[in-house]
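The values are calculated or read from the model by the stated rules, or taken from the named source; none is laboratory data. A quick note: this is a predicted structure, and the numbers were derived from the prediction, not measured. Because the Cβ atoms are built from the backbone with ideal geometry, glycine has one as well, and the counts that use them run over all protein chains shown. Each accessible area value is taken on the protein alone, full model and side chains, heavy atoms only, with ligands, DNA and RNA left out. Shrake-Rupley method; radii C 1.70, N 1.55, O 1.52, S 1.80 Å.
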Amino acid sequence: MCTEPTLRELDHRANDGIDVWLLWRSTDGRLLVAVADAERDEGFMLDVEDGQNALDVFHHPYAYRGDRYATITG
């Protein structure tokens with residue numbers, strides 16, 4: 001049985017060891033921004049909130065991180 005992935009990559013950028021992805025979750029139509037910092041071996045994921053500009057969150061994820069993020073460590 002083949003299932004469709006729930007996350008689809010809409011955009012990706014990388015700079016100085018930091019990768020940022022704009023993702024669409026097909027199960028509920030939400031947009032997410034994932035960040036991975038290879039140098040620190042950590043990352044986080046943001047759920048783009050209603051009313052937020054997804055491209056702004058994608059280009060400035062650290063400004064939106066605040067206290068509402070899930071940390072991902074290696």
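Considering only the range 32-46, how many residues are outside any loop (DSSP other than H, G, I, E, B) and open to solvent by 50 Å² or more (accessible area, probe 1.4 Å)? Break it down into steps so the answer makes sense when it comes.
So in the range 32-46, the residues outside any loop (DSSP other than H, G, I, E, B) come out as 32-37, 42-46.
From the residues that got through so far, the ones that are open to solvent by 50 Å² or more (accessible area, probe 1.4 Å) too are 42, 45.
Of the residues in that region, 2 qualify.
Kindly indicate which of Asp56, Asp19 is exposed (fewer than 15 other Cβ atoms within 10 Å of the Cβ), in contact with a Lys or Arg (Cβ under 8 Å, 6 or more places away or on another chain) and at pLDDT 95 or above.
Numbers: Asp56 fails: in contact with a Lys or Arg (Cβ under 8 Å, 6 or more places away or on another chain).
Only one candidate qualifies: Asp19.
Under the condition of being open to solvent by less than 80 Å² (accessible area, probe 1.4 Å) and farther than 19 Å from His59 by Cβ, which residue from the range 1-16 is modelled with the highest pLDDT?
We begin by selecting, within the range 1-16, every residue open to solvent by less than 80 Å² (accessible area, probe 1.4 Å); these are 6-7, 11-14.
Next, only the ones that are farther than 19 Å from His59 by Cβ stay: 6-7.
Details: Thr6: 92, Leu7: 95.
Only one residue fits best here, namely Leu7.
Please enumerate the residues belonging to the range 59-74 that are at pLDDT 90 or above and open to solvent by 80 Å² or more (accessible area, probe 1.4 Å). Full working, then the answer.
Taking the range 59-74 as the starting set, the residues that turn out to be at pLDDT 90 or above are 59-64.
Matches in the range 59-74: His59, His60, Tyr62, Ala63.
Please find, within the range 34-67, the residue that is nearest to the chain's Cα centre (by Cα) out of those that are acidic (Asp, Glu) and over 18 Å from Ala14 (Cα atoms). Steps first, please.
At the first step, the residues of the range 34-67 found to be acidic (Asp, Glu) are 37, 39, 41-42, 47, 49-50, 56, 67.
From what's left, over 18 Å from Ala14 (Cα atoms): 47, 49-50, 67.
On the way: Asp47: 7, Glu49: 12, Asp50: 15, Asp67: 15 Å.
Among those residues, the one meeting the criterion is Asp47.
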